[in-house]
Amino acid sequence: MRSRTANRSGIVIRRRVTPAGDIIVTLLTPQGKLKAVARGGVRGPLASRLNLFHHVGVQVYQGPHNDLASVKQAILEGALPRLAEPERYAFAHLLAEFADALFQEGEFSDQAFDLFAGALRGLSHQPDPEWVALVLSHKLLALAGFVQNTAHCARCRAPAPAHPDPLGGQLLCGKCSSLPAYPTEALAFLRSVVRQTVRVSMDAPVPHAQRPALWRALERYVTTHVGDVKSWRQLLPTAAPIASVPA
């Protein structure tokens, strides 16, 4: 008989407490995404272990008539306390919501888990968490198969587009866009981030003044191709307005 009990190690990317005091969590594991419930968890030791961004080892039981697996045990394997800092938390929450939207339950992806775990470590330790989030957002999207086309205009297919697409977050040529072209550094980032390693991208950060435009383009692209991501609501209002550049 197939065992209904399994041991998994993963990172909590989503957490919700029900009125009954249960904790429903989603873990990103090397074996894929796992959703489970800790019944009565808020009244026991699981409450402090099953927190967002915690790396935990869990024992889960899948009953024959239950949609959700039940968490029977949870051991804290790692935590990054600095992710609770306001300047880091919003970006960590955004990447967690990305991972939840991009990777499905039952998918085996060591690469997705390793990339996301590395992203959280970078957000915790690097002095520029915003740049970590920008680079790793594009990397997570590319791993899931969502790659922005930077070689041709998204509308007319003209080569070497350099202007923002106000609707879909892609790149447009000068004839198809009414917006100024991206500055040199921002444009170079968009064209190279998928091909380059994370380390190379981290060593060439885009100036802070150019980042709001990159965030807004990413929001449009994700909304169009992946779906609504609620974390934009707490992240983008704090960004500086896009500076206008004379045509």
In order over segment 206-213: 3J(HN,Hα) from phi, Karplus 6.51/-1.76/1.60, θ = phi - 60°, whole Hz, x for each Gly or Pro, gives 6, x, 4, 5, 8, 6, x, 5
Summing -39500 (n - 2.57) over every DSSP H run of at least 4 residues in the chain and dividing by its residue count gives a helix-only mean residue ellipticity at 222 nm, to the nearest 500 deg cm²/dmol, of -10500 deg cm²/dmol
Under the Karplus relation with 6.51, -1.76 and 1.60 and θ = phi - 60°, whole-Hz ³J(HN,Hα) for segment 224-231, x at Gly and Pro, equal 6, 9, 10, x, 5, 10, 5, 4
At R0 = 51 Å the Cβ-Cβ FRET efficiency linking Q59 and L167, nearest 0.05, sits at 0.60
The lysines whose Cα lies under 17 Å from the Cα of K33, excluding any fewer than 8 residues away in the same chain, are none
Under 5 Å from the placed amide H of G40, counting only residues 5+ away or on other chains, we find D22, I23
Diffing segment 62-68: the Karplus 3J(HN,Hα) column from phi (6.51, -1.76, 1.60, θ = phi - 60°), in whole Hz with x for Gly and Pro, holds 9, x, x, 10, 10, 6, 9
P(r) of segment 3-145 over all Cα-Cα pairs, 5 Å bins starting at 0, rounded to whole percent, reads 2, 10, 21, 22, 20, 14, 8, 3, 1, 0
Length gained, S48-V226, 0.36 nm per residue minus C-alpha separation, equals 60.9 nm
The size of the Cβ-based charge dipole (Lys, Arg +1; Asp, Glu -1) of the chain about the Cα centre, to the nearest 20 debye, is 420 debye
Given a Förster distance of 30 Å, the FRET efficiency implied by the Cβ-Cβ spacing of R157 and Q196, rounded to the nearest 0.05, works out to 0.75
H125 and N7 label points (each 7 Å along its Cα→Cβ direction) are spaced in nm at 2.7 nm
If amide H atoms are modeled at 1.01 Å from N in the peptide plane, then the residues at a separation of 5 or more from K72, or on another chain, having amide H under 5 Å from its own are Q59, V60, Y61
Per the 1/(1 + (r/R0)^6) rule, R0 = 30 Å and r from the Cβ atoms of A188 and K35, FRET efficiency to 0.05 is 0.15
Binned at 10 Å from zero, the C-alpha pair distances of segment 5-79 give percents of 22, 61, 17, 0
Length gained, Q104-A142, 0.36 nm per residue minus C-alpha separation, equals 12.2 nm
Taking N as the residue count of the chain, its alpha carbon Rg divided by 2.2 N^0.38 Å gives 1.12
Once both label points are put 7 Å beyond Cα along the C-beta direction, the T18-E85 separation in nm becomes 3.7 nm
Sorted by chain and number, the residues with a modelled amide H under 5 Å from that of R155, at a separation of 5 or more or across chains, are C173
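Computed from the coordinates by the stated procedures, all read-outs in this text should not be read as laboratory data. These numbers were taken from a predicted model, which means no experiment stands behind them. Virtual Cβ from ideal backbone geometry, glycine too; neighbours counted across all protein chains shown.
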